[in-house]
């Protein structure tokens, strides 16, 4: 459907325009907005399911609050597409997540309505509390709202923020818990079970909603509602309300798709000061049958046909690196009873679900809690298990202290598999895994490996299992090189040893991970005689191989899919210099900057380390 066919969508270019619509018109607007997001995401893929589920909530928030004077802080941003469209970015949304377009996540630099950037989960409450405290200190009247999903509530930072905010009873903060029983994969843990108990208590919720509607907004009667609700919860749920124990006034559970009820409730909550939490229930993928039926797949489904819900498959023949990890882990689990898998809420994203389907007792989804995932793995290792802890590179940044103190310092044999290493594409600056080689390289006891293809990844996992120390294996998002790996016999590699892939006499290229494939293609096209070396192990470096290269070549190029400062290239330069070797050496990678969104090919070109850039450099040296 073309935008010109919408009746209300083109009338709303700011939250002020929403306020001119009647409740009936707002409901029609929600339907049109849902369809618009569907249409856009069908051809320009993005995070669909969460945003479809948050349409009515987003409209209600912007209808009730005076944004951007009042601030809405979105957790992660998967649910913020409607927010972007409402706040003057309807046309820009056509280029959502594209190079030169708007980000798929809230960005303060992008719009005054984006109160805080959010690409990693569980940050909204802490950030919103900081804003609310500043308003209180300044004597202001602005309202601050944090919108957080049930999956993100499993992150420790969310509870740190609530604990701190609850100790500030005069600070006006509203937390909206958008409970759809689904983050990316199905949530796990005690908190999820607790929310289910609360949200499914029909008798309690029915009585509380009746009281709320009947007694209106008179403060003394609100106090009665809270007292009555607390008594009911203590009797019915057999424990006190978790949120009220943190000194948050708890309201809910209400239907997050009932627009009139949402607006009425938010208007009432504006009149109540202090920290409070509104618990709403929504349906991930709401309004689109396929997404409602399979929310995990439709979290980010890629391109699809809106009418038929047929997803457009890629016709590539090579395996995805994540599937190589998942199948190899299953093979190792079958082989060695000590092997276990750990993931922080990403079993399908990292393909650990391959193991979970066959041997669920050997895998642990710990929720969105990366630090806990690493320390839990350390505990398993200390008790004799061999944990493979899979965390996306960008999210592993959140567990840095746990890596150093709980794994490396104690020299425990935890295998940390860093999926999505390097530039990941359209998710942009918050999701690129470009810092891992630098931030892990300075930590003692850790062996760091980077495979160039599927078979090498498989063998690096097997080799890590044999080691008695921490190992990090870093590999990219997407498909591999098409190398045969399934069912291949395991081969133990020599840790800390690189490999010459191509001989040459003019220039040496030392490549990290999949950049070895880029180097091979460029070398084969070059008019120069180019040798290519796959470093394989970033730490410990193959000192013998590097010194041979330094003695043989006067011109060397290093190439890595990561940040140059503190990266592998600089480490190689330092080694050569220490040994008194001073060849002309050029480093290709990412300079001291954050890289925005785009396709991986576009970003490699932009950052100057794709095949064309390397070939150009080889011809000039």
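Residues in the stretch 466-509 that are within 20 Å of residue 350 (Cβ to Cβ) and buried (at least 19 other Cβ atoms within 10 Å of the Cβ): 470, 471, 472, 473, 474, 475, 476, 477, 480, 485.
Being over 20 Å from the mean Cα position of the chain (by Cα), crowded, with 20+ Cβ neighbours inside 10 Å and outside the structural domain of residue 121 (by TED's automatic domain parsing) narrows it down to one of 399, 381, so name that one.
The match here is 381.
Candidates are the residues of the stretch 1-25 that are loosely packed, with under 14 Cβ neighbours inside 10 Å and not in a helix (DSSP H, G or I); the one that is modelled with the lowest pLDDT is 1. Scanning the stretch 464-483 finds one or more residues that are in a helix (DSSP H, G or I), within 27 Å of residue 570 (Cβ to Cβ) and in contact (Cβ under 8 Å) with a residue 40 or more places away in the chain. Scanning the stretch 39-60 for residues that are surrounded by fewer than 19 Cβ atoms within 10 Å (Cβ to Cβ) and part of a helix (DSSP H, G or I) returns 39, 43.
For the stretch 121-140, residues that are under 12 Å from residue 71 (Cβ atoms) and out of contact with any strand residue (DSSP E or B) (no Cβ under 8 Å at 6 or more places or on another chain) total 3. Would you confirm whether or not the stretch 15-36 contains a residue that is under 27 Å from residue 596 (Cβ atoms) and either over 26 Å from the mean Cα position of the chain (by Cα) or not assigned by TED's automatic domain parsing to the domain that holds residue 260 (or both)? Yes, the stretch 15-36 has at least one match. Of the residues in the stretch 544-551, not one is in the same structural domain as residue 587 (by TED's automatic domain parsing) and in a loop (DSSP other than H, G, I, E, B). Can you confirm whether residue 609 is within 28 Å of residue 492 (Cβ to Cβ), touching a strand residue (DSSP E or B) at 6+ places or on another chain (Cβ under 8 Å) and outside the structural domain of residue 103 (by TED's automatic domain parsing)? For residue 609, the condition - within 28 Å of residue 492 (Cβ to Cβ), touching a strand residue (DSSP E or B) at 6+ places or on another chain (Cβ under 8 Å) and outside the structural domain of residue 103 (by TED's automatic domain parsing) - is not met. Of the helices (runs of 4 or more DSSP H) lying entirely inside the stretch 80-177, those containing at least 3 residues that are free of Cβ contacts under 8 Å to residues at least 40 places away in the same chain span 124-138, 156-166.
Exactly one residue out of 88, 77 is surrounded by fewer than 18 Cβ atoms within 10 Å (Cβ to Cβ) and at positive phi, and it is 88.
A single member of 306, 253, 333 is surrounded by 15 or more Cβ atoms within 10 Å (Cβ to Cβ), in the same structural domain as residue 356 (by TED's automatic domain parsing) and touching a helix residue (DSSP H, G or I) at 6+ places or on another chain (Cβ under 6 Å), and it is 333. The condition of being in a strand (DSSP E or B) and in the same structural domain as residue 356 (by TED's automatic domain parsing) holds for only one of 437, 418, that being 418. Residue count for the stretch 402-415 satisfying the condition of being surrounded by fewer than 24 Cβ atoms within 10 Å (Cβ to Cβ) and either outside the structural domain of residue 366 (by TED's automatic domain parsing) or assigned to a loop (DSSP other than H, G, I, E, B) (or both): 5.
Residue 534: surrounded by 19 or more Cβ atoms within 10 Å (Cβ to Cβ), over 18 Å from residue 501 (Cβ atoms) and modelled with pLDDT of 95 or more, yes or no? Criteria not met by residue 534. Within the stretch 558-596, the set of residues being closer than 15 Å to residue 421 by Cα and surrounded by 20 or more Cβ atoms within 10 Å (Cβ to Cβ) comprises 559, 560, 561, 562, 563, 564, 567, 568, 589, 590. Checked against (1) touching a helix residue (DSSP H, G or I) at 6+ places or on another chain (Cβ under 9 Å); (2) over 22 Å from residue 36 (Cα atoms), residue 313 passes all but a single condition, namely (1). Scanning the stretch 99-130 for residues that are crowded, with 23+ Cβ neighbours inside 10 Å and more than 19 Å from residue 424 (Cα to Cα) yields a count of 8.
The values are calculated or read from the model by the stated rules, or taken from the named source; none is laboratory data. Not measured: the values here are computed from a predicted model. As a convention, Cβ positions derive from the backbone with ideal geometry for all residues, glycine included, and neighbour counts pool all protein chains shown.
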